[in-house]
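Notes for the one structure printed next.
The values are calculated or read from the model by the stated rules, or taken from the named source; none is laboratory data. As the structure is a prediction and not an experimental result, all values here were calculated from the model. Here the Cβ positions follow ideal geometry from the backbone for every residue, glycine too, while neighbour counts run over all protein chains shown.
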Amino acid sequence: MSSSHTLFADHALLPTGWARDVLLKWDTHGCYTQIAPNAVCPPDAMRAAGPVLPGITNLHSHAFQRAFAGLTEYRAEAADSFWSWRTLMYGFANAISPEQVEAVATYLYGEMLAAGYTSVCEFHYLHHDPDGHPYVDDALLAQALLRAAGNTGIHMTLLPVLYQASGFGGAPLSTGQRRFGHHVDSMQRLLERLAPLCASQGARLGLAPHSLRAVTPDALKAALAMLDAIDPTAPVHIHVAEQTREVDDCVAFCGQRPVDWLVDHTDLSSRWCLVHATHMTPLEARRAAATGAIAGLCPSTEANLGDGIFDMTSWTGGDGQWGIGSDSHACVNAAEELQLLEYSQRWATRQRNVLATPAHSHVAEAMTHAAVAGGAQAAGRASSGVQRGVLQHGSLQRGEPQGLGEQHVSSGQGGLQVGATADCVVLDAQHPALAGLTPDDMLSGHVFGSHRTSAIAEVWTGGTQRVQAGRHHRYEADVSGFVTARAELLGAMGR
């Protein structure tokens with residue numbers, strides 16, 4: 001794929017809005033050195049096939065769950081719910097092998113790139129062997145994910161999950177959760193093992209206390225202190241208030257709703273991502289939004305699991321920021337997540353263009369800006385001094401202690417701006433949903449009118465083209481690996 005350091009776009013969506021005749025240049029580290037509107041196209045520059053957009057971070061992913069997307073759509077109990085789905089999910093989690101995890105994640109990450117995501121936050125809780133015993137190298141499965149990211153070219157924030165209990169009060173893990181378990185001490189060893197591996201590949205390392213039901217208050221306090229000692233800027237992600245039963249159990253355990261508890265008992269701040277946060281009171285939403293934490297919204301998964309609708313009115317009323325993720329990968333498409341998020345707010349409010357803002361009347365543009373900024377923050381890419389690297393093919397080979405990624409410190413900001421990583425998405429201006437339209441209408445067509453056939457032509461990460469003509473450059477090999485891995489997994493499960 002092309003690695004030219006110059007791209008010229010007739011139109012590009014900059015942080016300040018649409019600009020014409022934009023020249024984008026980046027250095028050998030894959031960071032923008034020039035974003036020049038009203039420029040003349042140099043004779044040696046690549047010319048974009050359509051409007052250029054900033055890449056979006058997929059801020060919540062469980063990669064192994066891509067292997068069973070679409071395979072839990074049958075009634076398992078008289079009243080099917082998130083909880084019955086979770087039981088089915090545990091069956092897949094306990095059967096999948098490290099090799100299958102890598103094959104599934106590699107295909108998925110290429111799929112994400114072709115769908116407009118240039119970064120992923122991997123909420124990684126599949127740690128041990130199927131009997132719940134640690135592998136000889138406790139980082140075995142995490143390394144499989146890092147290899148998948150390195151081989152596809154997607155930027156990764158790796159979030160090992162601290163998972164200790166099956167319910168509030170420290171209830172023992174169930175049989176279905178046996179591959180997930182860690183204590184604070186063993187998690188510290190895992191993070192220390194992963195830190196140089198992530199740095200060598202330019203990945204960001206953080207921590208994900210799974211949920212308040214899976215981590216006791218004392219363990220959460222100890223884990224956050226441990227993380228601060230390793231990296232006080234590292235991102236922290238947590239599932240919270242996804243289900244009403246979870247909220248009720250939290251109130252029964254400690255007398256508070258989960259988001260209120262987090263605000264009162266942790267140093268909730270801009271390094272945090274509150275995943276789902278579906279069931280908050282308006283006051284909870286305003287209190288949490290005021291801390292600077294990101295709301296990690298996964299509309300397609302939240303719809304698939306019957307979670308409910310996020311109260312965006314209360315969240316943004318408290319100046320809350322948000323980003324999007326594909327979670328269980330019922331859908332892997334950034335534009336579709338944005339569309340479903342807007343539509344969910346229309347259902348809830350019985351209004352239209354709910355997520356437009358005073359600065360951006362076109363809702364697709366307003367949502368794109370919000371998702372870019374919120375995703376970069378959740379990924380830990382909006383912090384100064386973040387270590388990043390150029391993703392190399394095979395940069396982390398099985399059994400090697402470190403990868404070969406070239407390290408560089410960039411500004412860490414998302415979007416098309418100087419100092420940011422050179423990530424971008426190019427739309428196909430000749431796509432039937434876009435042809436002949438203005439840039440604003442092209443973006444609207446992309447988000448609300450092009451999903452039967454994607455309008456994405458090219459995707460770049462770190463200054464290297466990863467997607468051409470709408471397809472990731474490894475597609476044929478990776479789809480074959482995915483199909484084989486899924487067939488093996490289903491065979492092992494007797495399906």
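Among the residues examined, residue 455 does not qualify as modelled with pLDDT of 95 or more and over 22 Å from the mean Cα position of the chain (by Cα). So, of the residues in region 25-81 that are hydroxyl-bearing (Ser, Thr, Tyr) and in contact with a Leu (Cβ under 7 Å, 6 or more places away or on another chain), which turns out to be farthest from residue 301 (Cα to Cα)? So, considering only residues that are hydroxyl-bearing (Ser, Thr, Tyr) and in contact with a Leu (Cβ under 7 Å, 6 or more places away or on another chain), the one farthest from residue 301 (Cα to Cα) is 32.
Identify the residue in region 77-93 that is farther than 24 Å from residue 241 by Cβ and surrounded by fewer than 15 Cβ atoms within 10 Å (Cβ to Cβ) and, among all such residues, is modelled with the lowest pLDDT.
Selected residue: 78.
For residue 96, the criteria (1) buried (at least 22 other Cβ atoms within 10 Å of the Cβ); (2) in contact with a Gly (Cβ under 9 Å, 6 or more places away or on another chain); (3) closer than 30 Å to residue 130 by Cα; (4) of a type in the set (A, V, I, L, M, F, W, C) hold in every case but one, which is (2). Residue pairs whose Cβ atoms lie under 7 Å apart, sitting 6 or more positions apart in sequence or on different chains, and linking a residue in region 201-227 that is free of Cβ contacts under 8 Å to residues at least 40 places away in the same chain and surrounded by 21 or more Cβ atoms within 10 Å (Cβ to Cβ) to a partner that is of a type outside the set (Lys, Arg) and part of a loop (DSSP other than H, G, I, E, B), are 227/234. Taking into account only those residues within region 304-342 that are of a type outside the set (S, T, N, Q), in contact with a Cys (Cβ under 9 Å, 6 or more places away or on another chain) and in a helix (DSSP H, G or I), which is surrounded by the fewest Cβ atoms within 10 Å (Cβ to Cβ)? Looking at residues that are of a type outside the set (S, T, N, Q), in contact with a Cys (Cβ under 9 Å, 6 or more places away or on another chain) and in a helix (DSSP H, G or I), I get 340. For the criterion of being among the acidic types (Asp, Glu), more than 21 Å from the chain's Cα centre (by Cα) and surrounded by 17 or more Cβ atoms within 10 Å (Cβ to Cβ), residue 488 passes. For residue 69, the conditions (1) closer than 28 Å to residue 241 by Cβ; (2) among the small types (Gly, Ala, Ser); (3) more than 25 Å from the chain's Cα centre (by Cα) are fulfilled apart from (3).
Of the strands (runs of 3 or more DSSP E) lying entirely inside region 349-440, those carrying at least 3 residues that are buried (at least 23 other Cβ atoms within 10 Å of the Cβ), touching a Gly at 6+ places or on another chain (Cβ under 9 Å) and at pLDDT 95 or above are 424-427. Here the condition is being buried (at least 16 other Cβ atoms within 10 Å of the Cβ), touching an Asp or Glu at 6+ places or on another chain (Cβ under 9 Å) and either within 18 Å of residue 421 (Cβ to Cβ) or not basic (Lys, Arg) (or both); of 114, 165, 148, it holds for 148 alone. A Cβ distance below 7 Å, combined with a sequence gap of six or more or placement on separate chains, defines the contacts here; from region 470-490, residues that are under 15 Å from residue 114 (Cα atoms) reach residues that are among the basic types (Lys, Arg) and part of a strand (DSSP E or B) in the pairs 472/466; 473/466. Of the numbered conditions (1) of a type in the set (Gly, Ala, Ser); (2) surrounded by fewer than 18 Cβ atoms within 10 Å (Cβ to Cβ); (3) within 25 Å of residue 58 (Cα to Cα), residue 252 satisfies every one except a single condition; which is it? Condition not satisfied by residue 252: (3).
Name the helices (runs of 4 or more DSSP H) wholly inside region 243-303 in which the number of residues that are among the basic types (Lys, Arg) is 1 or more.
Details: elements: 244-254, 258-265, 282-289.
Output list reads 244-254, 282-289.
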